[in-house]
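*Asks:* Next up is a structure, given as structure tokens.
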Amino acid sequence: MPRKMPETPLLDQLESGPWPSFVSGLKRLAQAEDKPYADYMKSLLGQLEHSYQTRKGYWKGGTVGVFGYGAGIIPRFSEVADKFPESSEFHTIRIMPAPGMHYTTELLRQMCDIWERHGSGLVAFHGQSGDIMFQGCTTEKVQPAWDEFNALGFDMGGAGAGVRTSVSCVGAARCEQSCYDEARAMRSVLNNFLDDIHRPSLPYKMKFKFAGCANDCANATQRADFAVIGTWKGDMQVDQAEVVNFVNKVGRKGMIDQVIRLCPTNALSLNDDDTLDVDNKSCVRCMHCLNVMTKALTPGTERGICILAGGKRTLKIGDLLGTVIVPFMKMESDEDYEALVDLCQRMLDFFAENALEHERLGEMIDRIGLVAFLEGLELDLDPNMVSHPRTNPYVRMDGWDEEVKKWQARKADAAE
Amino acid sequence: MTQLRRPDECGVPDPMQYMHPVLKKNYGKWKYHDRPRPGVLHHVALSGDEVWTVKAGTQRQMDIFTIRKLADIADQFAEGFIRFTVRSNVEFMVSSAAKVQPLLDKLAAEGFPVGGTGNSVTMISHTQGWLHCDIPGTDASGVVKSLMDDLHAEFIREEMPNRVKITTSCCEINCGGQGDIAINIQHTKPPIINHDLVAGTCERPAVVSRCPVAAIRPALVNGKPSLEVDEKKCVCCGACFPPCPPMQINDPVHTKIAIWVGGKHSSTRSKPMLHKLVAAGIPNNPPRWPEASAIVRNILRAYKEDARAWERMGEWVERIGWPRFFELTGLPFTKYHVDDWRGSRGSLNASAQVRI
């Protein structure tokens, strides 16, 4: 006897309105009577309605995995299985997409077919960490579903105290503001840490994200422990004829209001002939003028990355934004990408050895100080790492002369 | 017993195999872009190749019928390729301008709103909520659906001063991240402890160390090892609940919603910012959360009317000042808006610059 559709008076109210309705989608699955998931999803709808009625969640974790891996399945067992028995197990399988989240329709259909055979038919494109979230699978079906996704060329995403699935912006695939090959950087770094993704044994989670410029469309700055953000060295590229065209289009006041005076470091000035005067030494590569004048302005030609470390969400000391640990690293040759992977490896090793249980990277840096972290990673100190130097004198400084020598030696090296 | 299959530890796949051919051919070689209309991007490569991208909203939690429908649309109207943005919008790429309108017509006919580009209110970052999370104070999909219904007109237009990124989080951990507007759960009462279950379920030292204000200590309750909470210290954050489910923090009445504004990730113009509390005590009211939606729309109205071109929400408030923000929105300013957490002195006005 198939289960009857549950009464869902509250969820039904989420079927109207102009935005696509997830409730209508859940009902389509629940009413696909010829599919293995129909009763499963009727039961799930019943539990969700129960949550809406009582304003409480009813899932608990547990231990479910696949052969060979220690993470990647998010186990969910119902606390109200007596009322909704068919969906008592509703686990998620996290699968890592390609950087930039590109799909052929053939691939999407293959994924749907696998999920139709083994799962609930419900998929999130994508989770907050960047995974494809195949939501709703019984314990028994997790292994066969995984086997098929894996055979398709896809690997399990991260969960728990390990390296997590990563995200990049669309980047070089379709953006003139991209300052490096985000997909290459992401794959080089993540694929170096597969053991730490699949068999987590770090103090706590570790997230990498990759954005092509300071616009940070990957939301890396606060959402990643290790944010790789594209930037450039030297002068930005200016097509003065296009600057004049822009001024002709928006007027001088428009140019001044929308571009000149919004430059955070006053690095821009409008010339009398409507061309642009750029003080590149003062420019902080914030991207504003490039965003507004996409035809006229382009990043400079010596491109690379700036790295920010320590972003995280609230638990336990409050939200933190990443701060600069590498102001600029060229990202062009094979060696440059290898150097990035090497740095990430040193950072992860240092984190594994020095972070406390359940301490994120930003919290560890907060506890030990940025300088100890930089020394641990053998990174050079740079004034770009601070908003301003210290304001209080309570510090022992008897190593001053040696530190001055280090600074001068580094400057001499750079000058060669 | 059948032999278990060893995983092929293949890692993050190469995107080239799934990428639209014009994108692949011009990878890293783009010249500029413009936006012919809201929801449509036009990119021109150094080679002269052009590609038009049509962006549409989805419900993120998609049934396979919806995904197959998107695939059908891509096959018939968009050369067989799809990508998703980090905010769960879907993008279709076409290699000629003539293909844009038929694609727009098809998306309209199938009920996918086209927009989310430029200075619009784009899709809300979406967590799991009651559908799948083990600790949620509210739903995520329902909140997002309700809000996006209410903000649909701002998704399909580009009439905001700058882009608006809204986030939601179903607990104070803030998985939704920083947003121009953040709609987050705020618990208002300490956890209710089932002392019969603590010893058998929770690793007590781990729970004690999880508390950000050291309000939890081991205790013997009714002869059983358990935990107790110093309710004067407790900030009701719910951090103890994930490692110790018998410390129930979620409550149908006392779990409320708070709204925060001015967060941003980008380093564009201003440095990245954390969002700031503006409203709390808002009922967690499914299925449509009308009280939270009304406050969000009110904040957006004030921002849209008053901000200058290209000011993000937080930049606008920095210019006009918080007194004016509370005046323009009519929201009350209370003692709870004044921070007392670590580093809070930096949020006080250490100057004689006042707005009166």
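*Asks:* How compact and how long is the protein assembly as shown, expressed as Rg and Dmax of its alpha-carbon atoms in Å?
*Replies:* 25.8, 86
*Asks:* At a threshold of 8 angstrom on Cα-Cα distance, excluding pairs fewer than six apart, so keeping six or more, what relative contact order does segment B:205-356 reach in percent?
*Replies:* 14 percent.
*Asks:* Counting each DSSP H run of 4 or more residues in chain B as -39500 (n - 2.57), what helix-only mean residue ellipticity at 222 nm follows after dividing by all residues, to the nearest 500 deg cm²/dmol?
*Replies:* Counting only the DSSP helices, I get -7000 deg cm²/dmol.
*Asks:* Continuing with this model, one more query. For A:Phe67 and A:Thr301, what is the calculated FRET efficiency with R₀ set at 41 Å and r taken between the beta-carbons, to the nearest 0.05?
*Replies:* Rounded to the nearest 0.05, the efficiency is 0.25.
*Asks:* For chain B, which span is the longest to avoid every loop-located (per DSSP) member of GluC sites (Glu not before Pro) having at most 13 other Cβ atoms inside 10 Å?
*Replies:* B:1-158
*Asks:* Additional query: Along segment A:15-21, what does the Karplus equation 6.51 cos²θ - 1.76 cosθ + 1.60 (θ = phi - 60°) give for ³J(HN,Hα), rounded to whole Hz, x for Gly and Pro?
*Replies:* Values per residue, Gly and Pro as x: 9, 8, x, x, 7, x, 9 Hz.
*Asks:* Taking the Cβ of B:Asp63 as the center, what net charge do the other residues with Cβ under 10 Å away carry, scoring Lys and Arg +1 and Asp and Glu -1?
*Replies:* +4
*Asks:* Scan segment B:280-356 for chymotrypsin sites (Phe, Trp or Tyr not before Pro) in coil per DSSP, keeping those whose Cβ has at most 13 other Cβ atoms within 10 Å, and list them by number.
*Replies:* B:Phe333, B:Trp341
*Asks:* Counting only the backbone N, which residues of segment B:131-165 are under 20 Å from the spot 7 Å out from the Cα of B:His254 toward its beta-carbon?
*Replies:* B:135-139
*Asks:* Okay, next question. Where the convex hull is taken over the Cα atoms of segment B:15-110, what is its projected area averaged over directions, in nm²?
*Replies:* 6.3
*Asks:* While we're here: Just how large is the dipole of the protein assembly as shown about the Cα centre, in debye to the nearest 20, putting +1 at every Lys and Arg Cβ and -1 at every Asp and Glu Cβ?
*Replies:* Its charge dipole is roughly 1700 debye.
*Asks:* OK, next. List the residues of segment A:149-188 whose backbone N lies under 20 Å from a point placed 7 Å from the Cα of B:Asp8 along the Cα-to-Cβ direction.
*Replies:* Answer for segment A:149-188: A:149-158, A:187-188.
*Asks:* Do you know the relative contact order of segment B:147-196, to the nearest whole percent, from alpha carbon pairs under 8 angstrom that are 6+ apart?
*Replies:* Value for segment B:147-196: 25 percent.
*Asks:* Further question on the same structure: At 0.36 nm per residue, minus the direct Cα-Cα distance, what do A:Asp195 and A:Asp336 gain on full extension? Give it in nm, one decimal, please.
*Replies:* Roughly 48.4 nm would be gained on extension.
*Asks:* Taking 0.36 nm per intervening residue step and subtracting the Cα-Cα distance, what contour gain separates A:Ser282 from A:Asp398 on full extension?
*Replies:* In short, 38.4 nm is gained.
*Asks:* With the Cα gyration tensor of segment A:237-298 in hand, convert its eigenvalues to equivalent ellipsoid semi-axes via √(5λ) and list them largest first in whole Å.
*Replies:* Here the semi-axes work out to 16, 12, 11 Å.
*Asks:* In addition: Between A:Asn245 and A:Glu106, with labels modelled 7 Å along Cα→Cβ, what's the label distance in nm to one decimal, could you check?
*Replies:* With each label point 7 Å from Cα toward Cβ, the separation is 3.9 nm.
*Asks:* Whole-Hz ³J(HN,Hα) for each residue in segment B:59-64, computed from phi via Karplus 6.51 cos²θ - 1.76 cosθ + 1.60 with θ = phi - 60°, x for glycine and proline: what do you get?
*Replies:* 8, 6, 6, 10, 7, 5
*Asks:* Something else now. So if I take the centroid of the Cα atoms in segment B:308-346 and the same for segment B:184-241, what is the distance between those two points in Å?
*Replies:* 33
*Asks:* Additional query: How long is the gain from B:Ala214 to B:Asp34 if the chain were fully straight, where each residue apart is worth 0.36 nm and the alpha carbon distance is subtracted?
*Replies:* 59.5 nm
*Asks:* Could you work out, for chain B, what percent of all Cα-Cα pairs fall into each 10 Å distance bin, beginning at 0 Å and stopping at the bin that holds the largest distance?
*Replies:* Histogramming chain B at 10 Å steps yields 5, 20, 25, 23, 17, 9, 2, 0 percent.
*Asks:* Indicate, rounded to the nearest 5 percent, the antiparallel portion of the DSSP beta bridges found entirely in chain B.
*Replies:* About 85 percent, rounded to the nearest 5.
*Asks:* Sticking with this structure for a sec: Within 10 Å, at most 16 other Cβ atoms, and a DSSP state outside H, G, I, E, B define an exposed site. Report the longest part of chain A free of exposed chymotrypsin sites (Phe, Trp or Tyr not before Pro).
*Replies:* Answer - A:68-393.
*Asks:* If I build a Gaussian network model for chain B, linking alpha-carbon pairs within less than 10 angstrom, which residue out of B:Ser270, B:Ser293, B:Ser47 has the largest mean-square fluctuation?
*Replies:* B:Ser47
*Asks:* With a cut-off of at most 15 other beta carbons within 10 Å, and DSSP calling the residue loop, which trypsin sites (Lys or Arg not before Pro) in segment B:1-34 qualify? Please list them.
*Replies:* B:Arg5, B:Lys29
*Asks:* Right, next: Nearest 10 degrees is fine. How inclined is helix B:100-110 to the longest principal axis of chain B, computing both from alpha carbons?
*Replies:* Here the helix axis deviates by roughly 50 degrees.
*Asks:* Mind listing the phi-derived Karplus ³J(HN,Hα) values for segment A:205-221, rounded to whole Hz, using 6.51, -1.76 and 1.60 with θ = phi - 60°, and x for any glycine or proline?
*Replies:* 5, 9, 10, 10, 9, 10, 10, x, 7, 5, 5, 6, 5, 8, 6, 7, 4
*Asks:* Suppose a student asked you for the relative contact order of segment B:15-110, using Cα pairs under 8 Å spaced at least 6 residues apart; what percent would you report?
*Replies:* Normalised by residue count, the contact order of segment B:15-110 is 25 percent.
*Asks:* Cross-link list A:Lys205/B:Lys29; B:Lys24/B:Lys145; B:Lys24/B:Lys69; A:Lys83/A:Lys205: which exceed 27 angstrom alpha carbon to alpha carbon?
*Replies:* A:Lys205/B:Lys29; B:Lys24/B:Lys145; A:Lys83/A:Lys205
*Asks:* If you don't mind, there's one more thing I want to ask. State the answer as a single residue: which of A:Ile74, A:Ser333, A:Ala32 lies farthest towards the positive end of the charge dipole of chain A, with beta carbon charges of +1 for Lys and Arg and -1 for Asp and Glu, about the Cα centre.
*Replies:* Final value for the positive-end residue is A:Ala32.
*Asks:* Taking amide H positions as placed in the peptide plane 1.01 Å from N, state which residues far from A:Val167 in sequence (5 or more) or on other chains have amide H under 5 Å from it.
*Replies:* A:Phe210
*Asks:* Suppose R0 equals 41 Å; then what is the FRET efficiency for B:Val221 and B:Lys271 from their Cβ-Cβ distance, rounded to the nearest 0.05?
*Replies:* 0.25
*Asks:* What is the set of long-range amide H partners of B:Ile257 at a cut-off below 5 Å, with H atoms built 1.01 Å from backbone N?
*Replies:* Those lying under 5 Å, H to H, from B:Ile257 are B:Gln186, B:Gly281, B:Ile282, B:Asn284.
*Asks:* Can you give the FRET efficiency for A:Thr139 and A:Ala352, using 1/(1 + (r/R0)^6), R0 = 41 Å, r = Cβ-Cβ distance, to the nearest 0.05?
*Replies:* Once the sixth-power term is evaluated, E becomes 0.85.
Read the figures in this text as sums done on the coordinates, not as results from a lab. Bear in mind that the values here come from a model prediction, so they are computed numbers and not experimental data. Every residue, glycine as well, gets a Cβ built from its backbone with ideal geometry; the counts of neighbours run over all protein chains shown.
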